[in-house]
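Participant: Just dropping this structure here.
Nothing in this text is a laboratory measurement; each read-out follows from the coordinates by a stated rule. Keep in mind that this is a model prediction, so the values were computed, not measured. Virtual Cβ from ideal backbone geometry, glycine too; neighbours counted across all protein chains shown.
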Amino acid sequence: MDAAGLIPLAHTGVDDEVRARFPAIPLQAELPVAVAFRERDPLWMDDLELSRPARPEMVETLTGLGFRSGFAVPLAAGGRRIGAIAVGFRSVRQFDATERATVQALSEQCAQALDRARLYRAEHQVAETLQRSLLPQRLPQLPRLALDARYLPGAEGVQAGGDWYDVIELGDARVAIAVGDVVGQGAAAAAVMGQLRSALAAALLQGHGPAAALELLDRFAAHVPGARASTAACVTLDWEEGRVSWARAGHPPPLLADDSGIRHLDGDGHGPVLGLTGRPPYGEGVADLAPGATLVLYTDGLIERRGEVIDDGLSRLADTVRRHADSSPSTLVPALLDELAQQDGRADDIAVIAARLMPAPLRQRMPAEPARLTVMRRAVRRWATTAGLGDDLSDDLLLAIGEAAANAVEHAYRDGASGDWCYEVARRGDGSIEVVVQDWGSWRPPPADPGYRGRGVEFVRHLSDEVTFDRGDTGTTVRFVLGSPTNGRVRDRVPVAVADPAHDGAVGPVVAVPGELDLARVEAVRAELFAQLAELSDGARLTVDLRPTTYLPSAGIGLLLEVIEHARARGVDLRVLTEPGGMPARAFALAGLPTVDDRRSPSQ
């Protein structure tokens, strides 16, 4: 029952038309369930026709549905009406005293069961709301720290528990991360959890380090019923100093993954559970923290399994983190839960949070020379790896910044004049990557016919979520953003089949292009390809193998288009081979070149 009236919970023995006709039954309706509910008495109808004089509307409706007899019984629990049950028969039927008593007894049991379910659902909703309100509503957005966290309830149907996590901003370059575990489940454990989380946050915001904050938390826990034997771990990160400090009270050790490997932060930072009398002071550990390092804090539900020692769980966690250490936290945390959280029989809650220290903004200024583009790409590729951007976003970043930089090198300074250009790559708080490329020249006017070139700007526009070009007589500035989490854009992936010249009797020379086919190499590769074409006659085949190519900007695409047209004019069958999912295939898709397979080539 709700404000709309009686809501059918189940239909048996009726067709879809009847279900659709009665999605809700008003309390004043002339139907058996409504009458029994509002009159608080069973309604017995051995023969509907005998009830027609007293209830003509009801009888007309029921006979129209094919019923000839039936009954309806109200459901009450604790003196409160909660619904009604109605049963109809296709023939006339006499309900004797035994049947009526049986129906009454069953209705009482049904009412109690429904009332318990209602109370459980209400408690479930309260507990879920409590858990959501006590855990952070969102993680802070920090340019130098990528974060992700998850909470999983333990026992089935229980949405609240004592496991928690928190992230507290302490200043421009410092942040505290904490996890904890209160004994028990349900709303009572969640209430204790909320108090401990708030108390620890207050201590950290007052300037206390991890160990001192746990000392204050221990004193507070002694006055909170249900908090004794709770555990907590707390770390502070300072990315300007490159340092992590930690302390823990009976909690599993945080895990740090960096260039030196995977290790648990143990030793000096270990201490007993909260509320233990006569304990020694909490200690504090300190370690260096370099960009690219990932810190994982978790509760014991992630590592503990029945019948094994905790060291096995710690080793399993380290092995899993090792496999995903190059990933961002948004990839790492779901992977940890997928691979480590037991789905069957899990009784304990799980809280896990991962933080990756991102590199500082990358800035370089260099002469406008084609050879310098390789230097830039190497630096950007290292930065992207340290940031854990992933292959797709890294490829897009290299393509887009490569096009903007190539324009600055090729077009900014007229008539061979020398000059500089610079770039900056930085991570924004929302996880997107902002790029600025600037020169101080005056660009040559674009030619009326760019020939096979002129795709660089379109590459940047297609790859970017936001892009602006600020051109003037004293320089040009290009700004663009990649990987914005709010744009909803899904990166295109155009499948490109790999053709093998050995298949279908293919013959002819094969020119492989290893490495980067950029502005600095275009002329050398052009000379080689055109030399090969000059030796071929009508009907011959030339294969250009881009599978070993690691970078293919618009300058390389322009060269390939030129070669394709030249081969077509000479009657040469030209094939271009690409690796599915690789950067050359991505560049082909951006340029609108056709898919290549072992039967057709772009020249056909």
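Participant: Express the relative contact order of the stretch 16-130 as a whole percentage, based on alpha carbon pairs under 8 Å and six or more residues apart in sequence.
Facilitator: 22 percent.
Participant: Which percent, to the nearest 5, of DSSP beta bridges fully inside the chain are antiparallel?
Facilitator: Looking only at bridges with both residues in the chain, the antiparallel portion is about 85 percent.
Participant: Further, regarding this structure: Going by alpha carbons, how many degrees (0 to 90, nearest 10) lie between the helix axis of 186-205 and the longest principal axis of the chain?
Facilitator: Roughly 40 degrees, rounded to the nearest 10.
Participant: When Lys and Arg each count +1 and Asp and Glu each count -1, what net charge do the other residues less than 11 Å away from Leu373, Cβ to Cβ, add up to?
Facilitator: Summing Lys and Arg as +1 and Asp and Glu as -1 gives -1.
Participant: What is the sum of charges, Lys and Arg at +1 and Asp and Glu at -1, for the other residues whose Cβ falls under 11 Å from the Cβ of Ala249?
Facilitator: -1
Participant: Mean residue ellipticity at 222 nm from the helices of the chain, using -39,500 (n - 2.57) per DSSP H segment of n ≥ 4 over the full residue count, to the nearest 500 deg cm²/dmol?
Facilitator: -11000 deg cm²/dmol
Participant: Now, a different point. For Rg and Dmax of the Cα atoms in Å, pick the label among [x] 35.4, 110; [y] 23.7, 69; [z] 34.3, 121 that corresponds to the value derived from the coordinates.
Facilitator: Structure-derived value, by its label: [x].
Participant: Taking only the alpha-carbon atoms of the stretch 503-591, what semi-axes of the equivalent ellipsoid follow from 5 times the gyration tensor eigenvalues under a square root, in whole Å, largest first?
Facilitator: 21, 15, 11
Participant: I'd like the orientation of helix 97-134 relative to the chain: the angle between its Cα long axis and the longest Cα principal axis, in ° from 0 to 90, rounded to 10.
Facilitator: That works out to roughly 40 degrees.
Participant: Return Ile350, Ile262, Ile168 ranked ascending by Cβ neighbour count within 10 Å, so the fewest neighbours appear first.
Facilitator: Ile262, Ile168, Ile350
Participant: Where does helix 210-221 land angle-wise versus the long Cα axis of the chain, in degrees 0 to 90, nearest 10?
Facilitator: 10
Participant: Among Leu114, Ala567, Cys234, which residue has its Cα positioned farthest towards the positive end of the charge dipole of the chain, with +1 placed on the Cβ of Lys and Arg, -1 on the Cβ of Asp and Glu, and the dipole taken about the Cα centre?
Facilitator: Of the options given, the answer is Leu114.
Participant: Where does each of Val309, Val273 land when they are ranked from fewest to most other beta-carbon atoms within 10 angstrom? Provide the component values of the computation, followed by the final result.
Facilitator: Numbers: Val309 10, Val273 19.
Fewest-to-most Cβ neighbours within 10 Å comes out as Val309, Val273.
Participant: With N set to the residue count of the stretch 135-357, report its C-alpha Rg divided by 2.2 N^0.38 Å to two decimal places.
Facilitator: Dividing the Cα radius of gyration by 2.2 N^0.38 Å gives 0.94.
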